[in-house]
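Reading through the C-alpha cells given below for one structure.
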Amino acid sequence: MEPITGRALVLACSAIGAGLAMIAGIGPGIGQGYAAGKGAEGVGRQPEAQGDIIRTMLLGAAVAETTGIYGLIIALILLFANPLINLL
Amino acid sequence: MEPITGRALVLACSAIGAGLAMIAGIGPGIGQGYAAGKGAEGVGRQPEAQGDIIRTMLLGAAVAETTGIYGLIIALILLFANPLINLL
Amino acid sequence: MEPITGRALVLACSAIGAGLAMIAGIGPGIGQGYAAGKGAEGVGRQPEAQGDIIRTMLLGAAVAETTGIYGLIIALILLFANPLINLL
Amino acid sequence: MEPITGRALVLACSAIGAGLAMIAGIGPGIGQGYAAGKGAEGVGRQPEAQGDIIRTMLLGAAVAETTGIYGLIIALILLFANPLINLL
Amino acid sequence: MEPITGRALVLACSAIGAGLAMIAGIGPGIGQGYAAGKGAEGVGRQPEAQGDIIRTMLLGAAVAETTGIYGLIIALILLFANPLINLL
Amino acid sequence: MEPITGRALVLACSAIGAGLAMIAGIGPGIGQGYAAGKGAEGVGRQPEAQGDIIRTMLLGAAVAETTGIYGLIIALILLFANPLINLL
Amino acid sequence: MEPITGRALVLACSAIGAGLAMIAGIGPGIGQGYAAGKGAEGVGRQPEAQGDIIRTMLLGAAVAETTGIYGLIIALILLFANPLINLL
Amino acid sequence: MEPITGRALVLACSAIGAGLAMIAGIGPGIGQGYAAGKGAEGVGRQPEAQGDIIRTMLLGAAVAETTGIYGLIIALILLFANPLINLL
Amino acid sequence: MEPITGRALVLACSAIGAGLAMIAGIGPGIGQGYAAGKGAEGVGRQPEAQGDIIRTMLLGAAVAETTGIYGLIIALILLFANPLINLL
Amino acid sequence: LALVIALILLFGNPLVVQEGDGLVIAVSAIAAGISMIAGIGPGVGQGYAAGKGAEAASMNPDGSRPSTLVMLLGSAVAQTSGIFALVISLILMYANPLVSGHGAAIVLAASTLGAGIAMIAGIGPGIGQGYAAGKGTEATGKRPKLQSGIIKTMILGQAVAQTTGIYALVIALVLMFANPLIKLL
Ligand code: NA
Ligand code: NA
Ligand code: NA
Ligand code: NA
Ligand code: NA
Ligand code: NA
Ligand code: NA
Ligand code: NA
Ligand code: NA
Ligand code: NA
C-alpha cells in the first residue's frame, strides 16, 4: 500500500497547471484570426499592395504569438523540467 | 482493498489538464471564423481577387491555428507520453 | 465496503476532462456564426457572386472547425480509449 | 453507513462533465445570433434577395451548430451510455 | 457527523452539473440581443420592410436559441430524470 | 511512508498559480492581433505611410505586452524563485 | 512526519491567489492593443498628426494599465510581503 | 504538531478571495483601452478639438475605473483589515 | 487541537464569495469604457454639443455602474454584516 | 476551476467538521458571490447603450431627447439579469431554504452552489439586450419620428433574448425551493 506522497501531489498539480497555461492560447488565436481577416480584406481591395499587407500581417501576428508561446514554455517546464520537485 | 496511489492521482489530474489545454481552441475557432467571414465578404466584392483573398485568409488562418495545436500537443503528451509519472 | 480505487479516480477525472475539452466548441460556434452572417450579408449585396461567397464561407468555416474537432477527439479518447488507465 | 464507492465517484463526475460540455453552447448562441442580425439587416436592405439571404444564413448557422451538438452528444453519452463505468 | 454516501455524492454533483449547463445561456442571450439590435436598426432605416426584418430576426433568433435549450434539457434531466442514480 | 507535507502543498499550489498567471496572455494576444489587423489594413490603404504605421503598431503592441510579461514573471517566480517556501 | 500546518495552507492559497490576480492582465492587453490598432490606423490616415495621435494613445494606454498593475501589486504582496501569515 | 485551525482556513481563503477580486480589472482595462483608441482616432481627425476629446476620454475613463477600484479595495480589506477573523 | 468549525468554514467561504462577487465589475468597466470612447469621438465631431454628449454619456454610465455596485454590496455584506453566521 | 478544486478540498477534507448546516451555509456565501458575476452582462450592455446615446447626441442634437429615452428604456430591460442575480444572491444569504432543509448536507450544499452557478447565464441577456438598447438608441437618434416602431422591434428582440436568463432563474429557484434531488436520497 503506497499512499499519496508530496511528490505525487506536486506532479499532479503540475499537470493541471500545464493545462491552465495553455488557455493563454485563446488570445493569439482570436487576434491572429482578426489579422488574417483584415489581411484578406486588404488584399482583395488593394491586390497591388499584397506583399506589404501580408508582411505587416505576419509581423503583427508574430508579436501576437508571444504570450501563447510563454504559456507553452511554462507548460513544457512543468512537464519536462519541473523545478518544483527539486525543492521538496 | 487498493487505495488511491500517487500514480493514480497524477494520471487523474493529467486527464483534467488535457481537458483544460483544449480550451485554447476557443481562440483559433473565433479568429479563423472571423477570417472566413472577411474572406467571404471580400470574394463577394472582388470576385476577380478570389485567389489572393483565399490564399491570404488561409495563410493567416494557419498562423492562428498554432496555439490550438500547442494545446492539442500538451493534451496528447499528458495522455500518451506522460512524463510526470516517470518522475514519481 | 468497496473504497475508491485509483482506477475510479482516473475515470472520474476523465469524465470532467472530457467535459472541459468540449468547451473549445465555443470558438468555432462564434467564428462560424460570424462567417454565416457575413455570408448572408454578401449574398444580399452581390447575389451574382453567391456561389463564390458560400464556397469561401464554407472553406473558412471548415478551417475554423478544427479546434472544436480536436476537443471532441480528446473527449472521445478520454471516454472510449482512455490510455491513462493502462498506465496504472 | 454506506461509504462512497468508485462507481459513485465516476457517476458524480460524469454529471459535472455533462454540465461542462454544455458550456460549448455559448458559441453557436452568439454566432447564430450574429448571423440572425446580419440576416435581418440584409433583408431590410435588399428585400428582393430575402430568399438567398435567409438560405445562406441558415446554411451558415447549421455549420455553426455542430460544436454545440458535439457538446450535447458528449453530455448524453456521459448520462445515458456512460462507457467509463464499464471500465471499473 | 454523518458521512457522505455515494448516492448523495451523485445527486450533489448533478446539482452542480445542472448549474453549469445553464451557463450555455450566455450565448443565445448575446446573440439574440445582437439580432434585436440589428432588427431595431433596420426598422429605423427601412420602416417599410419592418415585417420582413422582424420575421428574419425571429427566425434567426429561434435558431440561436437551440443550444440554450440543450443546456436546459440536460439540467432538467439531471434534476428530474437523473439516469445516473439508477446506475449505482 | 511519507505523507504530504506543507512544503509539498505550497509547491503544488505554486504549479497551479503559475498556470493561472499565464492566462493573462489572452489579453495581449487579442489586442496585438487587433493591432496587426489594423496595421495590415492601413499599409494596404496608405503604402507610403508604411513606416509610420508599423512603428506605431509595434509601439502600441509593446505597451500591450506588459501585462502578459507580468504574468510570465509571476509564474517564473513561483517556479524558480518561490519566496513562499522560505516562509514555512 | 510533518503534517500540513495552517501556515502552509495560507502560503499555498497565496500562490493560487497570486496567479488569479494576474488574470486581470487580460483587460489592459486587449484594450491597449485596440488603442495600438487605432493609433496605427490614425497615423496612416493623418501622418501630420502623428505626434498628437501617439501621445493620446499612450496617455490612454497608461490609464488602461492601472488595473493590471493593481493585480501585479496584490500578487507581489501575496508572494513577498504576505500580511496574512502574521495574523496566524 | 500544529493542525490547520479555522483561523488558518479563513486567512487562506482570503488570499484566494483577494486574487479573485482583482479579476474585475479586466473590465476597466478593456474599456479604457477602447476609449484610448477612440481618443487617438478623434485627435487625428480633429486636432483642433484635442483638448475636449482628451478631457472627455479621461472623464469617461475615470468613471470606468471605479469597479476596478472596488475590486482592489475588497482585496486590500481581505489582506490588511480582514473583518472575518474577528468573527471567529 | 481545535478542528475547523462550521463557523470558520462559513467565514472562509465568505472571503471567496466576496472575491467572486467583485468579478461583476468586468462589465461596467468594459461598458463605461465604450461609452467614454464614443463620448470622446462625439465631442471631437461636434464640440458645440459637448454638454449633451457628456451628459448622456454620464447618465448611461451611471446606469451601467449599478451591477458593479450590487457586487460590491454583496461583498461588503459578506465581509461586514454576514447574515450567514447567525444561521449556525 | 480553482473554485472547484477548493471545493473538492473542502468537501474531501477530513479535517473539516461537516456539521450539516455549516456546509450549506458556507457554500451559500460562495454561491451568493458567483451569482453576482451575471452583473458583467448589464454592465457591458448598458455601457454600450450609453456610448450609442452619446454618439446619437453628437450626430443629431434634435434627436437627443427621444434617443436618450430609448437608451434608458432599453437599459432598464437589460438590467433584469442583474436584478435576478441580486435577488438570488440575497435569497442565498438571507432566506436560503436549503439551510434548514432535510437531507444530506452535501446535496443541499451542492444545490446551493448550482443555483449560484446557473445565474451566470445572465451575462448573455445583459450584454445582448444592452446591444439592442444601443442600436435602438442609435436608430432613434437618426430618425426620431420612427421611435415607436424602433422601440417595438427592440423590445420584441430583447424579450426573445431574455429567455435563457429566465431558464437559469427557474433552475436556480427549483434547486432552492423545489429541489427534486433531495427526495431521491
Ligand atoms: Na505578444
Ligand atoms: Na498562432
Ligand atoms: Na481551426
Ligand atoms: Na461548427
Ligand atoms: Na442554435
Ligand atoms: Na500593458
Ligand atoms: Na485603468
Ligand atoms: Na465604473
Ligand atoms: Na447596470
Ligand atoms: Na433567448
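The values are calculated or read from the model by the stated rules, or taken from the named source; none is laboratory data. Just so you know, these numbers come straight off a predicted model, no measurement behind them. Cβ sites come from the backbone with ideal geometry, for glycine too, and all protein chains shown count toward neighbours. These area figures cover heavy atoms from the full protein model, side chains too; ligands, DNA and RNA do not enter into them. Shrake-Rupley method; radii C 1.70, N 1.55, O 1.52, S 1.80 Å.
At a glance:
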| read-out | value |
| --- | --- |
| Subset tally (residues that are among the hydrophobic types (A, V, I, L, M, F, W, C) and more than 13 Å from ligand 1 (Cβ to nearest atom)) for the range A:51-71 | 4 |
| Sole exception among (1) among the aromatic types (F, W, Y); (2) more than 10 Å from chain C (Cβ to nearest Cβ); (3) away from ligand 1 (no atom under 16 Å from the Cβ) for B:Y34, by number | (2) |
| Options J:L86, J:L92, J:L72, J:L146: the member that is open to solvent by less than 10 Å² (accessible area, probe 1.4 Å) and of a type outside the set (K, R) | J:L92 |
| One residue from C:L78, C:L72, C:L87 being within 21 Å of B:G71 (Cβ to Cβ) and more than 13 Å from ligand 3 (Cβ to nearest atom) | C:L78 |
| Test: residue in the range F:7-17 that is part of a helix (DSSP H, G or I) and over 16 Å from A:S14 (Cα atoms) | no |
| Scope the range C:42-80; condition among the β-branched types (V, I, T) and over 14 Å from the mean Cα position of the chain (by Cα); matching residues | C:V43, C:I53, C:I54, C:T56 |
| Flag if H:A49 is away from ligand 5 (no atom under 16 Å from the Cβ), closer than 14 Å to G:A49 by Cα and not in a loop (DSSP other than H, G, I, E, B) | yes |
| Residue match in the range I:1-11 (condition: buried (at least 24 other Cβ atoms within 10 Å of the Cβ), farther than 24 Å from H:G29 by Cβ and touching a residue at least 24 places away in the same chain (Cβ under 8 Å)) | yes |
| Per-region count, the range J:141-152, residues in contact (Cβ under 8 Å) with a residue 40 or more places away in the chain and facing chain E (nearest Cβ under 7 Å) | 3 |
| Residue identified as open to solvent by less than 10 Å² (accessible area, probe 1.4 Å), under 15 Å from the mean Cα position of the chain (by Cα) and within 7 Å of chain A (Cβ to nearest Cβ) among F:G39, F:G29 | F:G29 |
| Scope the range F:43-66; condition at the interface with chain A (Cβ under 8 Å from one of its Cβ atoms) and either within 22 Å of G:T56 (Cβ to Cβ) or surrounded by fewer than 24 Cβ atoms within 10 Å (Cβ to Cβ) (or both); matching residues | F:V43, F:R45, F:P47, F:Q50, F:I53, F:I54, F:M57, F:L58, F:A61, F:E65 |
| Residues of the range J:53-67 satisfying the condition of being surrounded by 24 or more Cβ atoms within 10 Å (Cβ to Cβ) and at the interface with another protein chain (Cβ under 7 Å from one of its Cβ atoms) | J:G53, J:A54, J:E55, J:A57, J:S58 |
| Of residues in the range J:163-179 being open to solvent by 20 Å² or more (accessible area, probe 1.4 Å) and within 8 Å of another protein chain (Cβ to nearest Cβ), the one nearest to ligand 5 (Cβ to nearest atom) | J:T163 |
| Residue in the range H:73-80 that is at pLDDT 95 or above, assigned to a helix (DSSP H, G or I) and more than 30 Å from G:I4 (Cα to Cα) present | yes |
| Answer residue from the range D:67-83, given it is without any contact (Cβ under 8 Å) to a residue 60 or more places away in the chain and facing chain C (nearest Cβ under 7 Å) and is farthest from ligand 9 (Cβ to nearest atom) among those | D:P83 |
| All positions within the range H:30-50 that are touching a residue at least 24 places away in the same chain (Cβ under 8 Å) and either more than 15 Å from I:G44 (Cβ to Cβ) or within 16 Å of ligand 2 (Cβ to nearest atom) (or both) | H:G31, H:Q32 |
| Tally, over the range J:158-185, of residues that are touching a Pro at 6+ places or on another chain (Cβ under 9 Å) and either of a type in the set (K, R) or outside any helix (DSSP H, G or I) (or both) | 1 |
| Top-ranked residue in the range J:165-180 [being in contact with a Leu (Cβ under 8 Å, 6 or more places away or on another chain) and touching a residue at least 12 places away in the same chain (Cβ under 8 Å); ranked as nearest to E:Q32 (Cα to Cα)] | J:Y167 |
| Options J:I155, J:I88, J:I127, J:I106; residue that is facing chain E (nearest Cβ under 8 Å), out of contact with any Pro (no Cβ under 9 Å at 6 or more places or on another chain) and more than 16 Å from ligand 1 (Cβ to nearest atom) | J:I106 |
| Residue match in the range A:3-10 (condition: over 30 Å from G:G37 (Cα atoms) and polar (S, T, N, Q)) | yes |
| Residues (acidic (D, E) and away from ligand 7 (no atom under 16 Å from the Cβ)) located in the range H:41-88 | H:E41, H:E48, H:D52 |
| For E:N86: the one exception among (1) more than 8 Å from chain D (Cβ to nearest Cβ); (2) outside any helix (DSSP H, G or I) | (2) |
